[in-house]
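Chemist: Please find one structure pasted underneath; my questions will follow.
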Amino acid sequence: MVVDDEDGPRHALEIVFKPTYQVLLARDGAQALELAEAHAVDAVILDIRMPGMSGIEVLRHLKEIDPSIEVIMLTAYETLETARQALRLGARDYLTKPFEIATIRLAVSTAMDCKRISRKIQLHEQSLKLLQEEVQNQTLQERIARTRSEIYASILHDINGPLTVISAFVEMLNQNIGDTSRVEGEDLDRLREQLYRVAIQVDSCVKISRRYLSFLRNTPETNHQVSVNQTLKDVRQLLHSRPDCRPQGLSIQFLEPDLKLRINGTDLVQLLLNLAVNAFQCSGPSASVEIAAHLLPTPPDQGSSARQPGRRRISAENFQSHGPLLELTVRDSGSGIPGEIIDRIFDPYFSTKPQGQGTGLGLSIVHRLVMQSAGCIDVTTDPGRGTEFKIYLPATIDKS
């Protein structure tokens, strides 16, 4: 497009460029902007001095319409400040009248080359953006698939515990009943107690299923309140029922006084159960496991000790920097965790147990539950002496 209030230069430039380009003519700034709005203009030869709207103003508005328009400024009255202004606003070139045909041809040719390069860059940027979106979408789909796979595996892992207990009690029931046609007295009371424990495990399976369904559907659960000491009692009963745990090696220190914690009760049971079962399974036959609960008025020290060998601390991003906090400790007297694997213990499917004896999901589930509860995990291990897991959870509580 050629923009000049003088007919002579305007038509002369039309004659020069018409054999090569489609040429638009504008006699003033207002007409130039109308044409730029209506057509895809690649380059503009623009006179600076025109009545009404100056060339500098037209340049500014052209760049607002399309920043990629290449503009060559023409003037018969060159001043340094005007040239600076034009270049500062994005003009490609600045020529004075009268101009040589070769000079104006070269300026327009350079401007069109720049426009073509700019267009190619834009196309490449668009292609790159589309490619990045495809990669992100693919990555997101893979992440979703991986997350769902881990969730399904976690469901099987969590439900496997109650099912193991149910299976043990069913076997006990069969042994107690045998061929007996009538049960009464102490035998009846014992059977009722065993059936009651089976019912508890079935209820636990239902709650675990609902929790994971809620997670997969991305529907928040309603607020829960659970007694810490009742949870510890439930965990003790569940551990006593498991064949891979030793009741004589378990000790539990209850909270004094008890309190009600605002957390999903099934989550709290699964968290402690996974830690305790893992402690029993990774310890020798004579090792002991201790579970304790304390109320801390202030958060634990977050100092350099967390970076020492044999120690690892992981905090949720929203872990509160003030008390009170509930501290749950699961301590064993086993062989400890080797230093070279302590950074991997919370990875899904990572296990040091023999093939077929562990899924590698227990501690990854603990990690997920603690992070979802805005908590913190502190692991300290001493090879040959045992391992201690400390879980810190926000104690937004109601005292019982």
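Chemist: Sort out which residues of segment 1-35 are in a loop (DSSP other than H, G, I, E, B) and either of a type in the set (D, E, K, R) or over 26 Å from GLU81 (Cβ atoms) (or both), and write them in order of number.
Modeler: Answer for segment 1-35, where residues must be in a loop (DSSP other than H, G, I, E, B) and either of a type in the set (D, E, K, R) or over 26 Å from GLU81 (Cβ atoms) (or both): ASP4, ASP5, GLU6, LYS18, PRO19, THR20, TYR21, GLN22, VAL23, LEU24, ARG27, ASP28.
Chemist: Only residues in segment 273-292 that are in the same structural domain as LYS390 (by TED's automatic domain parsing) and under 15 Å from SER251 (Cα atoms) count as the first member; pair them with residues that are assigned to a loop (DSSP other than H, G, I, E, B) and modelled with pLDDT of 90 or more, Cβ under 9 angstrom, at least 6 apart or cross-chain, and list the lot.
Modeler: Pairs found: ALA292/PHE254; ALA292/LEU255.
Chemist: If you check GLU81, GLU125, which single one turns out to be farther than 20 Å from ASP28 by Cα and not assigned by TED's automatic domain parsing to the domain that holds ALA40?
Modeler: Working: GLU81 fails: not assigned by TED's automatic domain parsing to the domain that holds ALA40.
From the options GLU81, GLU125, the qualifying one is GLU125.
Chemist: Could you run through segment 36-59 and say how many residues are buried (at least 16 other Cβ atoms within 10 Å of the Cβ) and in a helix (DSSP H, G or I)?
Modeler: Qualifying residue count for the region: 5.
Chemist: Sticking with this structure for a sec: Here are ASP47, ASP7, ASP28, ASP66: which of them is of a type in the set (D, E, K, R) and more than 21 Å from PHE99 (Cα to Cα)? Outline the logic, then answer.
Modeler: Details: ASP47 fails: more than 21 Å from PHE99 (Cα to Cα); ASP7 fails: more than 21 Å from PHE99 (Cα to Cα); ASP28 fails: more than 21 Å from PHE99 (Cα to Cα).
Step by step, each of ASP47, ASP7, ASP28, ASP66 is checked, and only ASP66 is of a type in the set (D, E, K, R) and more than 21 Å from PHE99 (Cα to Cα).
Chemist: Restricting to segment 1-26, name every residue that is farther than 12 Å from ILE45 by Cα and touching a helix residue (DSSP H, G or I) at 6+ places or on another chain (Cβ under 7 Å).
Modeler: Across segment 1-26, the qualifying residue is only VAL16.
Chemist: Quick check, is LEU295 over 16 Å from ALA374 (Cα atoms) and either assigned to a loop (DSSP other than H, G, I, E, B) or in contact with a Pro (Cβ under 8 Å, 6 or more places away or on another chain) (or both)? First the steps, then the outcome.
Modeler: On the way: over 16 Å from ALA374 (Cα atoms): yes; either assigned to a loop (DSSP other than H, G, I, E, B) or in contact with a Pro (Cβ under 8 Å, 6 or more places away or on another chain) (or both): yes.
Considered against the rule, which asks whether it is over 16 Å from ALA374 (Cα atoms) and either assigned to a loop (DSSP other than H, G, I, E, B) or in contact with a Pro (Cβ under 8 Å, 6 or more places away or on another chain) (or both), LEU295 comes out as yes.
Chemist: Go through segment 229-265 and report how many residues are in contact with a helix residue (DSSP H, G or I) (Cβ under 8 Å, 6 or more places away or on another chain) and over 21 Å from THR164 (Cβ atoms). Outline the logic, then answer.
Modeler: Of segment 229-265, the ones in contact with a helix residue (DSSP H, G or I) (Cβ under 8 Å, 6 or more places away or on another chain) are 231-232, 234-235, 237-247, 249-250, 252, 254-255, 258-261, 264-265.
With over 21 Å from THR164 (Cβ atoms) added as a condition, the list becomes 254-255, 258-261, 264.
Selection size over segment 229-265: 7.
Chemist: Sticking with this structure for a sec: If you go through segment 84-104 one residue at a time, how many are assigned to a loop (DSSP other than H, G, I, E, B) and loosely packed, with under 12 Cβ neighbours inside 10 Å? Before the answer, list the steps.
Modeler: Filtering segment 84-104 for residues assigned to a loop (DSSP other than H, G, I, E, B) gives 89-92, 97-100.
Subsequent filtering for residues that are loosely packed, with under 12 Cβ neighbours inside 10 Å retains 98, 100.
Matching residues across segment 84-104 total 2.
Chemist: For segment 171-200, give me the residue count where each residue is in a loop (DSSP other than H, G, I, E, B) and out of contact with any Asp or Glu (no Cβ under 9 Å at 6 or more places or on another chain).
Modeler: Taking segment 171-200 as the starting set, the residues that turn out to be in a loop (DSSP other than H, G, I, E, B) are 178-185.
After this cut, where a residue has to be out of contact with any Asp or Glu (no Cβ under 9 Å at 6 or more places or on another chain) as well, the list is 178-179, 181-185.
Qualifying residue count for the region: 7.
Chemist: Go through segment 326-343 and give me each residue that's modelled with pLDDT under 90 and either surrounded by 11 or more Cβ atoms within 10 Å (Cβ to Cβ) or outside the structural domain of LEU232 (by TED's automatic domain parsing) (or both).
Modeler: From segment 326-343, those modelled with pLDDT under 90 are 333-343; that's our starting set.
Listed by number, the residues that qualify are SER333, GLY334, SER335, GLY336, ILE337, PRO338, GLY339, ILE341, ILE342.
The values are calculated or read from the model by the stated rules, or taken from the named source; none is laboratory data. Note that the structure is predicted; figures quoted are calculated from it, not measured. Note that we place each Cβ from the backbone using ideal geometry, even for glycine, and neighbour counts take in every protein chain shown.
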